[in-house]
Number of protein chains: 8
Amino acid sequence: MPLNVYLSGEIHTDWREQIIEGAADLAVEFNSPVTDHDASDDCGVAILGEEPNKYWHDHKGAMVNAIRTRKGIADADVVVVRFGEKYKQWNAAFDAGYASALGKSIIVLNPPEHQHPLKEVHAAALAVAEQPAQVVEILRYVLTGKIPG
Amino acid sequence: MPLNVYLSGEIHTDWREQIIEGAADLAVEFNSPVTDHDASDDCGVAILGEEPNKYWHDHKGAMVNAIRTRKGIADADVVVVRFGEKYKQWNAAFDAGYASALGKSIIVLNPPEHQHPLKEVHAAALAVAEQPAQVVEILRYVLTGKIPG
Amino acid sequence: MPLNVYLSGEIHTDWREQIIEGAADLAVEFNSPVTDHDASDDCGVAILGEEPNKYWHDHKGAMVNAIRTRKGIADADVVVVRFGEKYKQWNAAFDAGYASALGKSIIVLNPPEHQHPLKEVHAAALAVAEQPAQVVEILRYVLTGKIPG
Amino acid sequence: MPLNVYLSGEIHTDWREQIIEGAADLAVEFNSPVTDHDASDDCGVAILGEEPNKYWHDHKGAMVNAIRTRKGIADADVVVVRFGEKYKQWNAAFDAGYASALGKSIIVLNPPEHQHPLKEVHAAALAVAEQPAQVVEILRYVLTGKIPG
Amino acid sequence: MPLNVYLSGEIHTDWREQIIEGAADLAVEFNSPVTDHDASDDCGVAILGEEPNKYWHDHKGAMVNAIRTRKGIADADVVVVRFGEKYKQWNAAFDAGYASALGKSIIVLNPPEHQHPLKEVHAAALAVAEQPAQVVEILRYVLTGKIPG
Amino acid sequence: MPLNVYLSGEIHTDWREQIIEGAADLAVEFNSPVTDHDASDDCGVAILGEEPNKYWHDHKGAMVNAIRTRKGIADADVVVVRFGEKYKQWNAAFDAGYASALGKSIIVLNPPEHQHPLKEVHAAALAVAEQPAQVVEILRYVLTGKIPG
Amino acid sequence: MPLNVYLSGEIHTDWREQIIEGAADLAVEFNSPVTDHDASDDCGVAILGEEPNKYWHDHKGAMVNAIRTRKGIADADVVVVRFGEKYKQWNAAFDAGYASALGKSIIVLNPPEHQHPLKEVHAAALAVAEQPAQVVEILRYVLTGKIPG
Amino acid sequence: MPLNVYLSGEIHTDWREQIIEGAADLAVEFNSPVTDHDASDDCGVAILGEEPNKYWHDHKGAMVNAIRTRKGIADADVVVVRFGEKYKQWNAAFDAGYASALGKSIIVLNPPEHQHPLKEVHAAALAVAEQPAQVVEILRYVLTGKIPG
C-alpha cells in the first residue's frame, strides 16, 4: 500500500525537503506545485503571450498552474497543506477545500498562532501538526504501524 | 429555473443584505453561514460542553458550523465568495475550493488590492466582481437575459 | 434550507420522540427505521414466506428493512446515530459507516461509558452528544444561528 | 485480475495470518488496519502531542488511523470484516457500512452466536463465513474457479 | 418519505394495475415503460421516419423508449422487475442490471419455475416475490411499518 | 413524471417556440441559453467592466453564460441540440458532448445536409430529427405513450 | 492504451477462446465469469455449507460469483455480451444493463434470430456482431486503426 | 507524476507529430483517435456489414470509433483539442464538452480567426494556444516547472 502525498502551500521554506528526506525510506510518492515563485507567476504569459493587464497576466498563469495542481490533488491519498507565517496563502486554503470535497485525507501544518483563523480548515483535517517531522511520523505510522519513541 | 445561491465569506459588512435586497424580484433562494460571530465561535461548547483548550473549543464549533456550511454549498447552483479587506479569511478560500471540486459555479467578490493573492481562486471562478451590485446583475442576467443599461 | 434528518440506532427508549418534539418548531423532516422490534424481525417471512432456518428468516427481514434504511440515509442531510446502553447495536455502527461514505453530516448520541469503543465512529462525526436535547440544540443552531442560554 | 483485499475487524486472534498464508499462492494483495493495539490507541498523542482529556486522546488517534483505514477500504475489491467473540467491535461494523456504501464486495466472518445481531451487516454481504479457511476458499474460487473437494 | 417506484418488465398481464390499486392509500409515485406493445415497437419509425431494415426499425424505437426508461429508473427509489411466463424478457433483466449498478432497491417478481435462471438477478435484489400483492405489502411495510395478518 | 428539457444551439430561428408551443399540453419544463445575441456577447463586459482585448471581452461573457448553461444542462432529463444551416455552432456541439458525459438523453435536430459531419454527435444521441414537430412528438410519446397518426 | 475486456454470457461454446486467440497479438487483458457450470452453481454451498432449499443453494452461489463478476465489469473498458441459441440467459442481459449504467462500451454478440427481443440491449451497445471474429476485428481497429481487407 | 494526454480534433496536418516529438523527453503518454480518415469513416461497415443508407453507414462507424475515443478521454489528465482552418469539426467541440463534464484539463489549439465562435469552448479550457510548440511548452512546464527563454 504505497501512498501518494501532495504537498500544498507555502513555498518559502524547506518544509517539503524536510518531509521528503525524512520519509526517504517509506513507500511514498510526493508531488507538489511548481515552487519557483517567478516561473509560477509568469508561466502563462511566457508560453501563451504577454498581457498588458495584470489581472489577465496572473489569470493565464494560474490556469496553467491548475493543470498541475488538479492532477496532483486528484492522484493523492493524502494532501498536506502548509500555512507559513506570512502572506495571504489563499491558494493553500483553496487546495484544502478542494481536497476535502474529493474526500482526501488532509494533514494541516501551521504555526500555533494561526490556530483560530484556520479552525474551519482544521475541521476538515485528520491531523494538525506544527513540524514537518510530525508529518513524517504520521506517514511512517500509516505505512508501518510504528510510533516514535 | 430558480437558482440556489450560497453567500460565503466575510461577515463584517452588509454585502449579503445588498445582494438579497437587490435580487428581491428574482427567483433566487439564498443561504449563508451563521453570521453572528460570537455564536459561530461558541456554538460547539455552548451545546456540547466546555473545553479548557482553545483548539478544541474552536474545533467543536467549526465542526457544528460545518453541518450548515456543507449543506449550503451542496445545495447551491452558485457560490458567491466574498473576501473583505481584513483578516485571514481562510474559511472563504476553503469554501471556494470545496465548491470548485463539486463543480459549482463560483463568483468571487473582492477589493482590487487582493487581486494577486486571489489568482488561484479567481482561476476557479466564472466571474470576479468588486461590488455586490455586480453580483445582483449577474444573477439577473442568468435568470432573465437582461443586461444593465 | 429545511433539513432532512435520519434517526438511526437504538429503538428501546423514547429518544426519537424527544428530538422530534424538541424540534417541532424547526423546518426538519425526520425519518427513522421501523422501530417496532417484532415487525422489523419478522417482516421478511410475514410477507415473502416462512423460512425454517433462522439465518434466512433474519436475512429476508434485514433485506426488506434495507429498502427503508437506504432510502432514509440517502435522503438525509444529517444522520443521528444513537447507541444505547445494551445490545450489540452493530446496525447502528453500520449505518454510521454507510452515512460517512456518502458524506452525510453525522451526530453520534451515546452514554459516556461507550466513548472508547466508539472512537472510530466519533472520528467520522461532526458532533458527539449525550442527550437528545443537545441534538435539538444543534439542529436549532444549524437552522437559525441561535445558541442556548 | 489480481484482487485487493482489506481485512477489517478483530485484532486479537491470528485470523489475518491464516487467510494470508492460505492464500499465499493467489494473486491477492492484502491490507489491514494497524493491529498493534497500543500503537493504534496512542498514535495520535505520541506524534501530535499529549491530551489530558481521554476523549481527545482517543480522537487524535482515531483520526490518524482513519488515514490508513480509508485508503485500505477505498483501494479494496473485497473487504473481509471479522467479528470476534468479545468487545463492542463497532469499528468493524462501521467499516462494513462504509465499504457497503462504496459498493465493495463484503465477506463477513463471525462465530454463529453473533448471527442475529449481525443480520443487517449480513444483508450487505456477498458471503458469510465462520472460518478463515472459508474466506481463502472464496478467494481461490473467485480467482481460479476451483471449488474445494 | 414518499417512494418513487418503477415497474419494469412483462407487459401482457395486469400486474401493474394490481400493485397500483393495492397501494392506492400509500405515498407512492409509480412509473412504467410504455406498455402498449405496438406503440413501443413502432414509435421510432412513426416519428422519425420509416426504415426498410428491421434492425434499424427496432433500433430507432428502442432508443426513443430509452428516454423514458432511463428517466424512470434514475428517479426511482425502488425498481420492481417482473418476469412473466413467456418470451425472452431480456429487457427486464437489462433493467435489473442497470438499476443494480445505480444502487436502486430491487424487488423481483417471477413465477417459481424461473427461479434457477434468475439466480444472478435475485442476487442483486432485496426481495423476491411471486405475487403482486406481496409487492404491495412490502411497500406498505417500508412506508408504515405494518406487516400483514 | 414531468420532464425537464434543455434547448441548446441555434438562436436565429423560432425552433424553440415551435417546440414549446407544440408541447404546451405536456408536463415539460423547458430551459434555454440566453438567446438575445447581443446580450449574450456583451454580458460579461456590461456587468464586470470593459476589456480592450476582444478575446477577454468574449471570455468574460462566455464565463457568465456558462452559469446558466451548466445549470440548464445539469437539471435536464433531455437535451435537444439544434444545428442550423449557418455558422460554426461549436457551442452546440460542446453542449452535446457535455450532456453526453453527464448521461443525459440527447435529441439532435439538424438539416439533412449536416448528417456526415455530425456523425459523432449523432452517435451519442437517442434520436435524430429534422423538424421541431418531431421533437414534440418524441416528448409526447415519452410522457403519454401516444404515437402520431 | 491497452484495453481491458470482459467476456460475459453464454458458456457452452468456445466463443471466448476464439476471441482470445484471435486477439493474441493485441494489448488486451481478458476477464470472464467462471465458465465451469457445475462449479458456478455449487460454489456457495461447497464453501459455505449445504442448503436444503434450492433457492438458497442458488443464492449462495450467485452471491459468491458476483464477487468476480462485479470486479470483472468494473475493471473493463469494453464488455462483450454473448447470447447463445438456448436458455434464458438473463444473467447476460443483467450484465449488459449493469455495464451500461457504469458507462462501459458494450459489444453484443448474438445470432440474428435474437434480434428483436434484444433490441433494448442493442440500444445500449456500440456494436452488434454475429461472429467472434468480428469482435476481434473491432478490438484490432480500436487499438491499431486497421480495418480488415 | 507522468501525464496522460489525449490529442483530439483536426486530422489533416501534422500537429500531433509536432507535439509528440517536442515532448519526447517528457513523461507523457499520448493517445489519439484513429487519424486515417477512410478507415475512420468505414470501420463500422467493413467489420459489421454494409449499410445501403449513408446515415447508418456513418452511424456504425461513429459508434465503433466511440469505443476508442471514450477510453482515450476517460484515461486522460489533459485533453488537447485542435481546431483547423476547414470543415465543421463538430466532433472536436463534442470531445471538448465531453472532457469538460469529466473535469479534464483542456488545452485548445486554434488559429486566431476562430476565436469568437470558440468562446464557449475557450471558457472551459485552462489554456488557449495557437501553435503546437506552445502545447509542448505547457506540458514541459507542468511536468518540470521550466518556462521557455
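The values are calculated or read from the model by the stated rules, or taken from the named source; none is laboratory data. Computed from a prediction, not measured in an experiment: that's the story for all the values here. Note that we place each Cβ from the backbone using ideal geometry, even for glycine, and neighbour counts take in every protein chain shown. Only protein heavy atoms, including side chains, enter the accessible area calculation; ligands, DNA and RNA are left aside. Shrake-Rupley method; radii C 1.70, N 1.55, O 1.52, S 1.80 Å.
Structure above, values below:
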item	result
Relative contact order (%) - chain E, alpha-carbon pairs under 8 angstrom, separation at least six	27
Degrees separating the helix D:37-48 axis from the principal Cα axis of chain D, which is the longest one	40
Gyration tensor verdict on chain F (Cα atoms; rounded if a/c is under 1.5, prolate if a/b is larger than b/c, oblate otherwise)	prolate
Environment charge of H:Asp58, counting only residues whose C-beta is closer than 11 Å and scoring Lys/Arg +1, Asp/Glu -1	-1
Largest-first ordering by accessible area, 1.4 Å probe, given options E:Met1, G:Met63	E:Met1, G:Met63
Per-bin percent of Cα-Cα distances, the protein assembly as shown [20 Å]	11, 40, 41, 8, 0
Scaled radius of gyration (Cα, divided by 2.2 N^0.38 Å) that the range H:79-129 gives	1.00
Charge dipole magnitude, Cβ of K and R +1, D and E -1 - chain H, Cα centre, debye nearest 20	480
Furthest towards positive pole of dipole, B:Val108, B:Gly22, B:His59, structure part the range B:19-149, Cβ charges	B:Val108
Cα-based helix-to-principal-axis angle, E:54-75 vs chain E, degrees rounded to 10	30
Partner chain coverage, peptide A:38-49 - average Cβ within 10 angstrom	5
Accessible surface of chain C, 1.4 Å probe, proportion on carbon and sulfur as whole %	49
Accessible area (Å², 1.4 Å probe, nearest 10) - F:Ser40	20
Value of [θ]222 nm, deg cm²/dmol, for chain G, DSSP H segments ≥ 4, -39500 (n - 2.57) each, nearest 500	-14500 deg cm²/dmol
Cβ crowding within 10 Å averaged over residues, with F:135-141, G:112-118 ranked highest first	F:135-141, G:112-118
Total accessible area lost when G and D pair, probe 1.4 Å, Å² to nearest 100	1800
Most fluctuating residue given options E:Pro132, E:Pro111, E:Pro33, as computed from a GNM of chain E linking Cα atoms under 10 Å	E:Pro111
In Å², nearest 10: area of E:Arg82 left accessible to a 1.4 Å probe	40
Axis-nearest residue of A (beta carbon) for the A-onto-C rotation, whole Å	A:Gly103, 4
Residue among B:Val78, B:Val45, B:Val121 with the largest mean-square fluctuation in a Gaussian network model of chain B, springs linking Cα atoms under 10 Å	B:Val45
Helix B:90-101 vs. chain B, principal-axis angle (Cα, 0 to 90°, nearest 10)	60
Top of H:Leu126, H:Leu109, H:Leu48 by mean-square fluctuation, Gaussian network on chain H, Cα under 10 Å	H:Leu48
Where the range G:29-121 is the region considered: accessible area per residue in Å², 1.4 Å probe	33
Calculated FRET efficiency for the pair C:Glu29/D:Lys86, C-beta based, R₀ 45 Å, to 0.05	0.70
Protein-only accessible surface order, largest first, of C:His57, D:His122 at 1.4 Å	C:His57, D:His122
Inter-chain shielding of B:132-145 (mean C-beta neighbours from other protein chains, 10 Å cut-off)	4
Other protein chain Cβ atoms within 10 Å, averaged over every residue that makes up C:81-93	5
